[in-house]
Structures are given as structure tokens and as C-alpha cells.
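Trainee: Before we start, here is the structure in question, set down as C-alpha cells.
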Number of protein chains: 2
Amino acid sequence: MKRQAFFISDGTGITAETLGHSLLTQFESIEFEQTTLPYIDTNEKALEIVRKLNKITEHSGVMPIVFDTIVNQSIRDIISKAQVFKVDIFSTFLAPLEKELQIHSSYTVGKSHAGGDNEGYKARIDAVNFALDNDDGSKIKHFDQADIILVGVSRSGKTPTCLYMALQFGIKAANYPLTEEDLGEMMLPDVLKPFKKKLFGLTIDPERLAAIRNERKSNSRYASINQCHYEVEEVEFLYQQESISYLSTTDLSVEEISTRIMLEADLKRLA
Amino acid sequence: MKRQAFFISDGTGITAETLGHSLLTQFESIEFEQTTLPYIDTNEKALEIVRKLNKITEHSGVMPIVFDTIVNQSIRDIISKAQVFKVDIFSTFLAPLEKELQIHSSYTVGKSHAGGDNEGYKARIDAVNFALDNDDGSKIKHFDQADIILVGVSRSGKTPTCLYMALQFGIKAANYPLTEEDLGEMMLPDVLKPFKKKLFGLTIDPERLAAIRNERKSNSRYASINQCHYEVEEVEFLYQQESISYLSTTDLSVEEISTRIMLEADLKRLA
């Protein structure tokens with residue numbers, strides 16, 4: 001039987017979910033059923049949650065684990081009465097931080113998350129639009145305005161990475177697919193030459209690439225293992241020849257790819 | 001003078017950053033200089049960080065605040081010697097969780113984050129591709145495969161929201177812009193009618209909309225305040241007439257918009 005875990009917040013629940021998930025991942029041998037309950041921002045909603053949680057404890061005899069980042073005191077009081085194993089994220093850390101900073105924290109509903117500010121919002125939306133406008137070599141090329149330009153063979157992970165960097169970090173990331181023609185030349189396409197310092201290469205295991213391409217165009221030359229082997233070999237050769245930093249996306253999540261690129265290219269995150 | 005804060009991890013640093021940022025946001029009157037240091041995964045890197053942190057303490061006389069999610073014990077030991085105010089996220093919560101779960105946690109490097117698994121990765125990438133293929137009404141319309149279809153006037157926030165839901169939750173979100181012609185008809189476009197249950201509307205304050213549109217096409221009829229007022233009024237009327245759930249994106253971050261839609265449309269997040 002899976003152990004129940006809940007991430008409860010009066011905001012988006014992203015902090016509770018991110019931390020809770022990270023902590024539970026450390027217990028590999030236990031299977032957790034994970035549920036996020038965002039916007040628990042009224043006493044009525046809180047009371048309903050408490051009833052639901054208590055029912056689980058009564059029926060299964062095992063207490064659900066609850067990670068919460070609720071800031072509203074009256075809602076905290078209600079949730080604290082549930083028969084659960086509670087990990088109270090904010091109260092655990094805010095007390096020592098208040099002492100160190102010698103100031104009281106503002107338990108203001110809705111103030112608990114990043115990204116709500118207009119400046120950050122605008123920068124991210126602008127970055128998303130930039131990524132979409134400069135996705136794939138065929139689109140508008142404002143490479144001069146790019147913070148970074150990802151290059152790589154088709155389906156090596158460029159687009160999701162650009163979008164993640166835009167949404168998460170407000171980074172303007174363009175991308176340019178290196179085609180068989182480009183690779184045959186054994187040199188950078190002319191359009192990329194002026195921006196060599198902004199280039200970052202992606203590569204991928206050929207077998208994995210073939211599997212991904214087969215989902216889009218099955219049994220095509222494009223998706224064949226030979227073609228994938230050839231393109232990956234050529235593109236890695238090109239990166240080395242041109243001294244372009246690159247990484248393999250094969251075993252990494254989009255978050256990991258993006259974070260590693262940010263680090264290696266020394267890009268500054270949106271505060 | 002800004003107080004220095006660091007989010008240190010041997011992984012992506014997203015957990016430390018998300019939690020640390022949420023906690024610091026509770027201290028509104030203090031300005032923090034926030035720095036994320038991901039992939040601190042060797043003793044050498046850790047020693048360099050300690051030197052950097054100690055230098056700040058010596059020069060400014062104020063200890064930096066450090067939030068960390070390092071799992072490697074030898075790296076933890078090194079970081080723990082820095083003269084900082086340290087918020088040790090994992091050790092604080094893992095000990096009580098181990099007691100409750102009656103099992104030891106695996107302090108395995110790189111196991112601390114969600115999304116690294118292949119299944120989740122694939123679902124997210126598929127969802128991103130789906131969002132891109134079904135963005136804007138002019139593209140391929142696989143509305144039958146969509147988990148949700150966002151509708152709204154141009155520049156009300158549909159595309160970034162679809163992409164965030166795809167990347168964060170693995171949700172297949174399509175979008176369809178309601179144009180002046182659609183709104184003039186006072187009824188749903190034919191292409192949307194079979195999918196009425198999947199529709200979710202976005203709206204936005206007309207002044208905000210005019211400002212956003214002016215950045216794209218300044219001084220156009222499209223960006224005029226009159227036009228924005230007209231479109232927003234009509235689109236809200238349409239939502240009400242057709243009983244389509246909707247929300248205003250004006251004061252919300254992309255995370256907030258996405259999370260609220262997930263909740264109201266009862267969509268299940270990727271585990």
C-alpha cells in the first residue's frame with residue numbers, strides 16, 4: 001500500500017511540493033501517493049481537508065504525511081488539528097531566520113512566492129516570446145539580443161530547454177538546428193559565426209535520438225539508427241573543432257539541462 | 001546594504017532556491033542579494049565556496065544566509081565549516097521523516113529531484129511539443145488529445161501558461177485565440193464547440209492588455225485602449241453566456257495562473 005503524502009498551501013503549493021518531493025525521493029523503497037492541494041485559503045477549505053486527512057488515518061491506520069507552507073494563522077490552526085505527520089516548513093525555518101535577521105516576518109497571504117512581481121513576470125513572458133520567435137532556424141533571428149543560442153541536431157532537446165530557461169530564469173534563449181547540410185560543411189553556418197560566443201551545444205545518445213525521432217517519423221531515414229549515429233558523431237566533432245561547450249541531454253531532466261547550461265555559460269538568473 | 005543569501009546544492013539547486021526564496025520573501029523590509037550555486041559536487045568546489053562565504057563574513061561583518069540541500073556527506077561537512085547562518089533543509093526534515101517512516105533515507109547524489117526519471121521527462125517533452133503544435137488557432141488542432149484548451153483574446157497569457165503547464169505538470173494544453181470576428185458572432189467558433197468541456201478562459205484588465213499589445217504593435221488599433229476594452233468585455237460576456245470557467249491573469253504570475261487552472265479544471269499533475 002502506498003503511503004499518502006500531501007503538499008498543502010494557501011498559495012500555489014509549488015514550494016511545498018518541490019521540497020516535499022525532494023525529501024520523499026530520499027526514501028526510495030517507499031511508494032508515495034502524492035497530492036498537491038493549492039489555494040487552501042479559507043477556513044472552510046481547511047476544515048474540509050482536515051476531514052479528508054482524518055478519514056485516511058482512520059481507515060488505513062496510517063497517518064498521511066503533510067508538508068505545508070500555509071502562512072495564514074487561522075488556517076494553520078485548523079490544519080494543525082489533523083491527525084497527520086506534519087512537516088511545517090515555514091514555522092520550522094522562519095523562527096530561526098527571524099532571530100538571525102532580528103525582525104518579524106510578514107505572514108501575508110500570497111506574499112510567499114516568487115514570480116508574482118510585475119517585473120519578473122514581464123521578463124519571463126518576454127523571454128518566452130523571444131524563445132518562440134527564435135525557435136528553429138527558420139524563424140526570425142534576433143540572435144544579437146539572445147543571452148544564449150542553443151545548437152544541436154533535430155530532437156536533441158533544444159526547444160524545451162529554451163522554454164524552461166525562459167519561464168524559470170527569464171533568459172532569452174534562441175536555438176538553431178544543425179542539419180545534415182550544416183554538418184556536411186564541417187563548419188559553422190554563416191548565420192551563427194558572428195555569435196560564436198553565445199553558442200552552446202546539445203548532444204544525445206544516438207539510440208535515444210533514434211527512439212525519439214521514430215515517434216515523430218517512424219521508419220524514416222531521419223529516424224534510422226545509422227543517420228542518428230552519423231549526425232551525433234559529426235555534431236560532436238563540430239563542437240570540438242569550434243571549441244563550443246556542449247553537454248549530453250540523454251540522462252538529464254529539462255531542469256538539469258537548463259541549470260547546467262546556466263552554470264557553464266555563466267548566465268545570471270532572474271532574481 | 002543588501003544581505004547576501006546563497007542557495008547551495010549538489011543538484012540543480014531548484015529545491016533550495018524555491019524554499020529559500022519563499023522564506024526570504026516573508027521579510028519584506030530586507031533586501032537580499034540572492035545567488036544560486038548548483039552542482040557543488042566535489043570537495044574542491046565546496047572548499048572554494050567556503051572561502052568565498054568566509055570572505056563575505058570577514059569583509060562585511062555580516063554572515064551570509066545559506067540554504068542548502070546537499071546530500072553528499074563529505075561536501076556537507078566542508079560547507080558546515082563556513083562562517084554563515086545556515087539553514088540545513090535536508091537534515092532538518094529528514095531525521096523526523098526517517099523516524100516516522102522507520103527507514104533510513106538514501107543520501108544519493110542526484111536522487112534529490114523530480115523530473116530526472118525518463119517517464120516524467122518524456123511526458124513533459126511530449127506536452128511541450130503538443131503545446132507548440134497546438135498554439136494559436138492557425139496550427140494543427142489535435143483538440144481531441146488536449147487535457148485542456150485555453151481560450152482568450154490575443155496577449156492575455158495563453159501561450160506561456162500552456163508551456164508552463166506542459167513543463168511543470170506534463171499537461172497537454174492547447175490554446176485558441178478568440179479574435180474580434182469570433183467575438184462579433186457572440187458564440188463559440190465551430191472548431192471549439194465539440195470541446196466545450198475542455199475550454200478554460202483567460203481574461204485581463206484592458207489597461208494592462210493595451211500596455212502589453214503596445215509593446216508588440218505600438219499605436220495600432222489592435223493596441224488601442226478602446227479596442228482592448230471592447231474585446232475584454234465581449235470575451236467575458238461570451239464566457240458567461242457559454243458557462244466557461246475563466247480567470248483574470250492581470251495580477252498573477254504564470255505559476256499562479258497555471259496552478260489555479262489545474263485546480264479549477266481538476267487536472268492531475270504529473271507525479
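Trainee: Tally the residues that are hydroxyl-bearing (Ser, Thr, Tyr) and either surrounded by 18 or more Cβ atoms within 10 Å (Cβ to Cβ) or part of a helix (DSSP H, G or I) (or both), restricting the search to the stretch B:214-238.
Mentor: Going through the stretch B:214-238 one residue at a time, the tally reaches 1.
Trainee: Only one of (1) open to solvent by 40 Å² or more (accessible area, probe 1.4 Å); (2) within 19 Å of the chain's Cα centre (by Cα); (3) of a type outside the set (A, V, I, L, M, F, W, C) fails for A:Glu256. Which number is that?
Mentor: Unmet for A:Glu256, out of (1) open to solvent by 40 Å² or more (accessible area, probe 1.4 Å); (2) within 19 Å of the chain's Cα centre (by Cα); (3) of a type outside the set (A, V, I, L, M, F, W, C): (1).
Trainee: Within the stretch A:125-142, track down each residue that is under 13 Å from A:Cys162 (Cβ atoms) and part of a helix (DSSP H, G or I).
Mentor: A:Ala127, A:Val128, A:Asn129, A:Phe130, A:Ala131, A:Leu132, A:Asp133, listed by residue number.
Trainee: Looking only at the stretch B:171-213, count how many residues are open to solvent by 30 Å² or more (accessible area, probe 1.4 Å), farther than 24 Å from B:Val254 by Cβ and not charged (D, E, K, R).
Mentor: Total meeting the criteria: 5.
Trainee: Would you check if there is a residue in the stretch B:2-20 being surrounded by fewer than 22 Cβ atoms within 10 Å (Cβ to Cβ) and farther than 22 Å from A:Val71 by Cβ?
Mentor: Yes: the stretch B:2-20 contains one or more residues that are surrounded by fewer than 22 Cβ atoms within 10 Å (Cβ to Cβ) and farther than 22 Å from A:Val71 by Cβ.
Listed here are the residues, each with its yes/no results for (1) crowded, with 24+ Cβ neighbours inside 10 Å; (2) farther than 20 Å from A:Thr18 by Cβ; (3) modelled with pLDDT of 90 or more; (4) more than 8 Å from chain A (Cβ to nearest Cβ).
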| position | (1), (2), (3), (4) |
| --- | --- |
| B:Lys111 | no, no, no, no |
| B:Gly116 | no, no, no, no |
| B:Ile140 | no, yes, no, yes |
| B:Asp144 | no, yes, yes, yes |
| B:Lys158 | yes, yes, yes, yes |
| B:Phe169 | no, no, yes, yes |
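Trainee: Quick check, is A:Arg76 within 21 Å of B:Leu263 (Cα to Cα), open to solvent by less than 50 Å² (accessible area, probe 1.4 Å) and basic (Lys, Arg)?
Mentor: Yes.
Trainee: Name every residue in the stretch B:138-163 that is touching a residue at least 40 places away in the same chain (Cβ under 8 Å) and either of a type in the set (S, T, N, Q) or under 18 Å from A:Asp133 (Cβ atoms) (or both), in order of residue number.
Mentor: Passing the criteria: B:Ser154, B:Arg155, B:Ser156, B:Gly157, B:Lys158, B:Pro160, B:Thr161.
Trainee: Within the set of pairs 6 or more residues apart or between chains, which connect a residue that is within 16 Å of A:Asn129 (Cα to Cα) inside the stretch B:204-225 to a residue that is of a type in the set (Ser, Thr, Tyr) with Cβ atoms less than 6 Å apart?
Mentor: Listed by first residue and then by second, the contacts come to B:Arg213/B:Tyr222.
Trainee: I've got another one for you. Filter the stretch B:2-49 down to the residues that are polar (S, T, N, Q) and either over 20 Å from the mean Cα position of the chain (by Cα) or not in a strand (DSSP E or B) (or both) and list them by number.
Mentor: Within the stretch B:2-49, B:Gln4, B:Ser9, B:Thr12, B:Thr15, B:Thr18, B:Ser22, B:Thr25, B:Gln26, B:Ser29, B:Thr42, B:Asn43 qualify.
Trainee: Would a scan of the stretch B:239-246 turn up a residue that is closer than 30 Å to A:Ile8 by Cα and exposed (fewer than 15 other Cβ atoms within 10 Å of the Cβ)?
Mentor: Yes - at least one qualifying residue is present in the stretch B:239-246.
Trainee: Being in contact (Cβ under 8 Å) with a residue 12 or more places away in the chain, under 21 Å from B:Ser105 (Cβ atoms), open to solvent by less than 30 Å² (accessible area, probe 1.4 Å) and of a type in the set (Val, Ile, Thr) is true for just one of A:Val62, A:Val50, A:Val71, A:Val84. Which residue is that?
Mentor: Just one listed residue meets the conditions, A:Val84.
Trainee: Please work out which residue is farthest from the other protein chains (Cβ to nearest Cβ), limiting yourself to the stretch B:69-80 and to residues that are at pLDDT below 95 and under 30 Å from the mean Cα position of the chain (by Cα).
Mentor: Going through the qualifying residues, I end up with B:Ile75.
Trainee: Next up: So A:Thr250 ticks every box in (1) within 18 Å of A:Arg155 (Cα to Cα); (2) polar (S, T, N, Q); (3) in a helix (DSSP H, G or I) but one. Which box is left unticked?
Mentor: Among (1) within 18 Å of A:Arg155 (Cα to Cα); (2) polar (S, T, N, Q); (3) in a helix (DSSP H, G or I), the lone unmet condition for A:Thr250 is (3).
Trainee: Could you identify the single residue in A:Thr203, A:Thr259 that is within 12 Å of chain B (Cβ to nearest Cβ), of a type in the set (S, T, N, Q) and within 30 Å of A:Ala123 (Cα to Cα)?
Mentor: Sole residue among the options that is within 12 Å of chain B (Cβ to nearest Cβ), of a type in the set (S, T, N, Q) and within 30 Å of A:Ala123 (Cα to Cα): A:Thr259.
Trainee: On to the next question. What are the residues in the stretch B:27-41 that are touching a Lys or Arg at 6+ places or on another chain (Cβ under 8 Å), within 7 Å of chain A (Cβ to nearest Cβ) and open to solvent by 60 Å² or more (accessible area, probe 1.4 Å), if any?
Mentor: B:Glu28
The values are calculated or read from the model by the stated rules, or taken from the named source; none is laboratory data. Just so you know, these numbers come straight off a predicted model, no measurement behind them. Note that we place each Cβ from the backbone using ideal geometry, even for glycine, and neighbour counts take in every protein chain shown. The protein model used for the area step is the full one, side chains on, heavy atoms only, and it has no ligands, DNA or RNA in it. Shrake-Rupley method; radii C 1.70, N 1.55, O 1.52, S 1.80 Å.
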